[in-house]
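A quick write-up on the structure given underneath.
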Amino acid sequence: ALPANLKLNSESQLEWNPLHDGQFNDLNDAEFLVAEALSIRQTLHFSEVQDLLETTAIYGVVKKLVDKGICWVWENLQDRYRPKWESKVYLSPAYAQEAALEKLLNEWNKAPKQLALLLSFLQGQQQGQSITSSQLLQKAQASPAQLKALTDKNILIVRKEAVDRLQLDNHQALQLPNLSLQQQSALEEIQTAHLDKSVCLLFGITGSGKTEIYLHLLANCLHKNQQALYLLPEIALTGQMIRRLESALGGRVAVYHSKFNPNERVELWQRVALGEIKIVLGARSAVFLPFSQLGLVICDEEHDGSYKQQDPAPRYHCRDAAIYLAQLYGAKVLLGSATPSIESFAHAKEGKYGLVQLKERFGHATLPDIFLADNKGMKQKKEPLDRLLTPSLHQAIAETLQRQEQIILFQNRRGFAPYLLCDTCGWIPQCAQCDVSLTFHKFKHQLACHYCGSHYPINLVCAACGNHHFSQKNFGTEQVEETIRHHFPQARVARMDHDTVKGKHDHEKIIQQFEAREMDILVGTQMVVKGLDFPHLRLVGILDADGLLGFADFRVNERAFQLMEQVSGRAGRKGETGQVWIQVSNLQHPVLPWVKDHDYEAMFQSEINSRQAFDYPPFTRLIQITCKHKDPAVAEAAAQALRAQLEAHLGNMIQG
């Protein structure tokens, strides 16, 4: 929850007690070895003690030496945060008066390069800019020796100063977007709802213009000199959103997420605490920032599963934590979504939350047409393209490229193939830590576990039968990208998933390229489908809907509907009606008609009835208890004993 560099570094060391008499008669071998080294060196780091004893289990030895008065333990504390220093150039006070400076310049008769450097500095100073030595040397095309000569003559002074790593843009706001009648009405309803309810749900279909309403609410917050937290489920969304916020609200907006380095996070943390930063746009970890005057929390795409942090700890649901955070400050919360979570919509229906609805797309745009394509038997086909695309989606892609419009292809699995299978016995390579199947990554030529992040060399020999022949089963985004590039050589293709978005600005770069029409087809996981706005996107293909519909979870129908509706919401936001093709083998699945008709209410009614019948949230809360032990039989026995004890109190409320 805290930026790592706010915590102190601590290194433990042993210090020799000078009052000890140096007698080591009652020590064992390990204790004697450390005591003798200490008497010579006076101090030893714990790492040196470990090297000396050739083991990491040193604490028993250390405790004995401390108890016997031979030494004591000392903690050496260091601040992990390091300020950023820059050399700034200033004019010497001797030339602060214009007459003195004029005399210096008029009498200059040698060293023309030094004079050019000085004039370059004076020009920058007139524009009111503080200038660093590196910027000055680059601007004047001068050498460090020439700058040193000017400082030696006491004409310029160079001082080292701590500077902010986060340079906030101080430009003024350009203009808030104009609201349609429907948006204006929704804004007023939200403000009315907030008079007597702290939380309001904005249920607006994809492309209905929820963001413009957020901008007006944030502007109101700034007028009241309050802080606001704007939460997004994915780091990938922050790049496009920060540009919209800055153009409407000026430079008082900062971004906070896990891709920033630890020192940058400390600086942003401190500036939020001081109230210098008024609006924070962030992923889930931004909920832990130390606000001082919080007035509003916006949780966009509130239904999104990415708001729940499972691993590593702390485990929390960002949306629920944000509602509690707002309660502490007496702030208001706006939850926004085109497909609200069952829990939030149920709260709104019961009157616990305010409810405001936007039922039309902004600018009279229409919702996309949705087509189902039967992909039964495709995975057995020999041609890679025939395994990926039905003929109808293949034709739709070709026609869209011909019209020079853009396409997103969605496959919710990264890597090349989700698993390898031994052709002889059916053995599947699994992770040694997690017992889950390993994903084949062709580009890195390795197998990867997507649970714990472990990597393994490609299995060439089956561990079960010794065979050397493996088949690649199913397909991930890496394979989709390779196949599409091969079959549509004229198209500019890019991929956006956890493997291609590594650096701080990678996701922003890909999104900007797609916005600028520098690519035609974007292949990606759910990173590409959340809240992004691309005016020239006409076709969206969901390549394997069965993977979404067959997940073993009581929320499977809700999540499949949300994901497919969100994906389809990217298409045709401006101008012509978009197209969405869903490739699926189970054409009778109940979720598909709801998606085709964009009918959230029907999905909600069906789901809420079944949740009530089976005692699932929001009617109950679930607790998961896991028993772990290195011996599976012990874990099993403990789980059985625990179940027996709980059953006496809870009856049939226990699963597993």
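Some notes on this structure:
- Dividing the summed -39500 (n - 2.57) terms of all DSSP H runs of n ≥ 4 by the residue count of the chain sets its mean residue ellipticity at 222 nm at -11000 deg cm²/dmol.
- Furthest towards positive pole of dipole, MET519, HIS589, GLY569, structure part segment 477-608, Cβ charges: MET519
- For segment 495-630, alpha-carbon Rg relative to the globular expectation (2.2 N^0.38 Å, N residues): 1.27
- With kT/(6 pi eta Rh) evaluated at 4 °C and eta = 1.567 mPa s, and Rh the Kirkwood radius from Cα pairs, segment 320-378 diffuses with a coefficient of 86 µm²/s according to Stokes-Einstein.
- Hydrodynamic radius (Kirkwood) for segment 491-556, which is based on Cα pairs only, to one decimal in Å: 13.4 Å
- If R0 is taken as 35 Å, the Cβ-Cβ distance between GLU86 and ASN109 corresponds to a FRET efficiency of 0.60.
- Heavy-atom SASA rank of ARG159, ARG555, ARG319 (probe 1.4 Å, accessible area, largest first): ARG159, ARG555, ARG319
- Accessible heavy-atom area order of LYS473, LYS349, LYS88, highest first, probe of 1.4 Å: LYS349, LYS473, LYS88
- Since only LEU328, ILE342, GLY363 are under comparison, the one whose Cα sits farthest along the positive direction of the charge dipole of segment 314-376, derived from C-beta charges on Lys, Arg, Asp and Glu, is LEU328.
- Using alpha carbons only, the radius of gyration of segment 240-387 set against its Kirkwood radius gives Rg/Rh = 1.08.
- In the chain, inverting the average of 1/r over every pair of distinct C-alpha atoms gives 30.0 Å as the Kirkwood radius.
- Counting every pair of alpha carbons in segment 337-459, the share spaced more than 23 Å apart comes to 61 percent.
- Note on segment 192-246: with charges restricted to the Cβ of Lys and Arg (+1) and Asp and Glu (-1), its dipole about the Cα centre is near 60 debye.
- The order of the peptides 53-60, 534-541, 586-593 by mean Cβ neighbours within 10 Å, most packed first, is 534-541, 586-593, 53-60.
- Full extension of the chain between LYS444 and SER134 gives 107.7 nm of extra length, using 0.36 nm per residue less the Cα-Cα distance.
- When you count the other C-beta atoms within 10 angstrom of each residue and take the mean per peptide, 324-331, 387-394 line up highest first as 387-394, 324-331.
- ³J(HN,Hα), Karplus 6.51/-1.76/1.60, whole Hz, each residue of segment 616-624, x for Gly, Pro: 9, x, x, 7, 9, 10, 9, 10, 10
- Debye-formula intensities of segment 375-523, expressed as log10 I(q)/I(0) at q = 0.16, 0.18 Å⁻¹, are -0.95, -1.11 (one equal scatterer per alpha-carbon, no solvent).
- Here segment 569-632 exposes an accessible surface that is 50 percent carbon and sulfur, computed with a 1.4 Å probe and the other protein chains kept in place.
- Rounded percent of accessible protein surface that carbon and sulfur make up, segment 172-227, 1.4 Å probe: 50 percent
- Heavy atoms of the protein chains alone define the surface here; on that basis the chain has 52 Å² accessible area per residue at 1.4 Å probe size.
- Of GLY239, CYS431, ALA633, farthest towards positive along the dipole that unit charges on Lys, Arg, Asp, Glu beta carbons give the chain: GLY239
- Value of relative contact order over segment 274-350, rounded to a whole percent, pairs C-alpha under 8 Å and six or more apart: 36 percent
- A viscosity of 0.692 mPa s and a temperature of 37 °C, combined with the Kirkwood radius over C-alpha pairs in the Stokes-Einstein formula, give segment 36-161 a diffusion coefficient of 169 µm²/s.
- Ordered from largest to smallest accessible area (heavy atoms of protein chains, 1.4 Å probe), the residues ASP152, ASP506 come out as ASP152, ASP506.
- The relative contact order of the chain comes to 12 percent, based on Cα pairs under 8 Å that sit 6 or more residues apart.
- For the chain, size of Cβ-based charge dipole, Lys and Arg +1, Asp and Glu -1, in debye: 1380 debye
- Under-5 Å amide H pairs with LEU358, H placed in peptide plane, nonlocal only: PHE203, GLY204, ILE205
- Isolated cysteines in the chain, defined as those with no second cysteine Cβ under 4.7 Å, comprise CYS71, CYS200, CYS221, CYS299, CYS318, CYS452, CYS627.
- Relative contact order of segment 322-464, defined on C-alpha pairs under 8 angstrom at six or more residues apart (%): 10 percent
- Candidate lysines for bridging to LYS502, where Cα separation is under 17 Å - those fewer than 8 sequence places away on the same chain excluded: LYS259, LYS444
- With DNA, RNA and ligands ignored, accessible area of LYS376 (1.4 Å probe; Å², nearest 10): 130 Å²
- Accessible area of segment 1-66 belonging to carbon and sulfur atoms, whole % at 1.4 Å probe: 51 percent
- Pairs beyond 25 Å (Cα-Cα), from LYS382/LYS442; LYS7/LYS509; LYS103/LYS148; LYS84/LYS110: LYS7/LYS509; LYS84/LYS110
- For ILE131, residues with placed amide H under 5 Å, excluding near neighbours: VAL89
- Estimated dipole of segment 510-616 in Debye, rounded to 20 [Cβ of Lys and Arg +1, of Asp and Glu -1, Cα centre]: 200 debye
- Cα Rg over Rh - segment 91-227, Kirkwood: 1.32
The values are calculated or read from the model by the stated rules, or taken from the named source; none is laboratory data. The structure displayed is predicted, hence computed values, not measured ones. Neighbour counts are summed over all protein chains in view; Cβ atoms, including those assigned to glycine, are modelled from backbone coordinates with ideal geometry. Each accessible area value is taken on the protein alone, full model and side chains, heavy atoms only, with ligands, DNA and RNA left out. Shrake-Rupley method; radii C 1.70, N 1.55, O 1.52, S 1.80 Å.
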